[in-house]
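Report on one structure; see the data block that follows.
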Amino acid sequence: MVDHRKLGRELGIFHSDPLSGAGLPIWLPDGAAARHAVEEYIRELERRAGYQHVYSPPLGRRDLFELSGHLGHFIDDMFPPLRMGDDELILRPALCPHHCLVYAARGRSYRDLPLRIAEIGGMYRSERSGVLGGLTRVRAISLNDSHNFCALEQVGAEVADVLRLTSEAHAALGVRPAGYRLSLRGPGVSYVGDDESWRRGEQLLREALSGLPYEEAPGDAAFYGPKIDIQVRDAAGRESTLSTVQIDFDKPERFDLSYADRDGGRRRPVLVHRSLVGSMERLFAYLIEVHAGAFPFWFAPVQVEVLPIVADQLPAAEAFARSAVEAGLRVRVQSDGSLGARIRDSAKRKVPYAAVIGAREAADGLVALRSRDGRALDPLPVAVVLRRLTEAVASRSPALLS
Ligand SMILES: [Zn+2]
């Protein structure tokens, strides 16, 4: 059984240091490179689906979280406020309050809807130190989040669209789907909003799920509305949640959000909270384990390791590496040690390809790729190799070249 904490350290993905603090991991260069590729992909997927991206600060005034209801219903999971003169600042436990302010920053009409405000943004949870570890239980979270403000009649299609985008992102990342869960209200928990809104929200989610396999989970709803959890299966076959979509009638009310409808009347939008892949921390804990460190080529930290057979071929190896970097690939040259040892080491670190450059390759401008699963590909001209590799990144193909 692969443990992402051990493998994450071996592969240089992240680092935990008692001086930084429990649950506050640091992303190392290789982890940051892979995360950067994944974030770029997610933003591009969202951009094509009509999302608009924003940046908002990870803390805000106490009043903001009083208005949003977080202080009343979520305070146990929040850090204590920071005093600043007469003001109190709070590390945010969610991005919704700021995104409601984005909506309210100007007048809105029905033509703006659905208005999809997206951000991979920082938020904080005061998890107890006993439960912290690796990337799964952390206090600083980078969430792939969006708040989609819709007219009521748009909500069903919007939720169905989120489920479709989630499946697409999961397929590209190699996430294994395990069905859907409809999370509803349960006894003993404090919720906001009236019964009628909850019933309507549940009904809309059931409609979006029609034809899909799902089970119900009473008591697992967010404090402001019902949600769909998109379940995934980990390397050991266990189920967990990465992605959610939630319906919220409460925050538009609290923030007094409205839009001008066709007839000129003011209407209240419905807020759909959604995350396609969850937080970057949980996502990478999952990806490290499910791929046993062998990430798909398109987001592997180092995609190609360039190996000159002897020192004579070092200039040709460096020239190839420069062209590959220019083509947008992540590449490293390794010239120390025997070729066999370098190939084995590169495969052990799960680098998708070793590019071997010997006398013949250097003289003829060729590159011979070896994949991490031990296959040797025929030598090909540099330009052809670069084209095949950049095409593999663009298509996000899970398979290596053959
Ligand atoms: Zn939200």
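Nothing in this text is a laboratory measurement; each read-out follows from the coordinates by a stated rule. Values in this document were obtained by computation on a predicted structure and should not be read as measured data. No Cβ is skipped: glycine too gets one built from the backbone with ideal geometry, and neighbour counts run over all protein chains shown.
General remarks:
- Net charge contributed by nearby residues that have their C-beta within less than 10 Å of VAL162 (K/R +1, D/E -1): +1
- In the chain, helices alone account for a calculated mean residue ellipticity at 222 nm of -10500 deg cm²/dmol, with every DSSP H run of four or more residues adding -39,500 (n - 2.57).
- Rounded Å value of the spacing that divides the Cα centres of the range 192-261 and the range 321-364: 48 Å
- Total formal charge among the other residues, if their Cβ is under 15 angstrom from that of LEU380, Lys/Arg +1 and Asp/Glu -1: +1
- For the range 255-268, putting each phi into the Karplus relation 6.51 cos²θ - 1.76 cosθ + 1.60 with θ = phi - 60° gives couplings of 8, 6, 7, 8, 9, 7, 7, 3, 7, x, x, 8, 10, 8 Hz, in residue order, rounded to whole numbers and with x for Gly and Pro.
- Based on alpha carbons, the Rg and Dmax found for the chain are 24.2, 77 Å.
- Gyration tensor (alpha-carbon) shape descriptor, the range 58-195, a/c threshold 1.5: oblate
- Long-range tail of P(r) for the range 301-345 (Cα pairs > 13 Å, %): 51 percent
- Where labels lie 7 Å past Cα in the beta-carbon direction, separation of LEU24 and SER402 in nm: 4.9 nm
- When each of the peptides 354-361, 343-350 is scored by the mean number of other C-beta atoms lying within 10 Å of its residues, the order from highest to lowest reads 354-361, 343-350.
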